[in-house]
Amino acid sequence: MGSVPADIIRKLPQGYKVLTSATSAVSPARRFYFVALASRKEVTHQHYFSTRAPARPLLIFQCRGSSCAQVARNDDVILRADGGGINACDPFEERSIVVKGFYFTVEQGVACGAHWTDFVTFRFDRRSGNYIFDNWRTESWYANPREDPNAEALVSDGQKVVRAKGRRLPFADWRRPD
């Protein structure tokens, strides 16, 4: 987890804690912080069988010098603590936000009964000065029915990719299809 500036910590919504963060510098003067939050009331996944886990907001702050301002929020990018399926595994347990150049990806997945990954990528758009949706990649695996002792234990159902295809969907407006 990266270090979150004090100015950002002061601006976090009440009742939340930082799960992880990452940074990106799109120019020498512009730095962005991606801050994943969890409700302070969030409990372990074993308690979510009777109630739905709270949303985990992902906030983007833009900083110039020591001054930071929140520029976007999305409560749908990071899956909830109970979003791992039938076994209620936490898909964001590894807490991974990967930044490379003008792109950042939220990497999630489970390997507890069900096996799947869910990667959502956004890119910095110079024209708008904001992050926009780039692609969403998912993949799941199932137990290999082959009885060959040398066969892989799991077989992929293939990677599914949804691309922006010229659409300019802002980070704050992206929603996970039902």
Seminar exercise, completed: Taking segment 62-119 and keeping only residues that are crowded, with 16+ Cβ neighbours inside 10 Å, touching a helix residue (DSSP H, G or I) at 6+ places or on another chain (Cβ under 8 Å) and more than 21 Å from Asp173 (Cβ to Cβ), one is left with Cys63, Cys68, Ala81, Asp82, Gly84, Ala88, Cys89, Asp90
For this session: Kindly check whether there is at least one residue in segment 107-127 that is within 15 Å of Ile60 (Cβ to Cβ) and in a loop (DSSP other than H, G, I, E, B).
Result: no
Problem set entry | When residues of segment 27-40 are limited to those that are under 20 Å from the mean Cα position of the chain (by Cα) and at pLDDT below 95, the one surrounded by the fewest Cβ atoms within 10 Å (Cβ to Cβ) | Arg40
Exercise. Which pairs do you get when a residue that is within 10 Å of Arg176 (Cα to Cα), found in segment 73-84, comes within reach of a residue that is among the acidic types (Asp, Glu), reach meaning Cβ atoms under 7 angstrom, with the pair 6+ apart or on two chains?
Worked result: Leu79/Asp118
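The values are calculated or read from the model by the stated rules, or taken from the named source; none is laboratory data. Note that the coordinates shown come from a computational prediction; the quantities given were computed from them, not determined experimentally. Methodologically, a virtual Cβ is constructed for each residue, glycine included, from the backbone with ideal geometry; neighbour enumeration extends over all protein chains shown.
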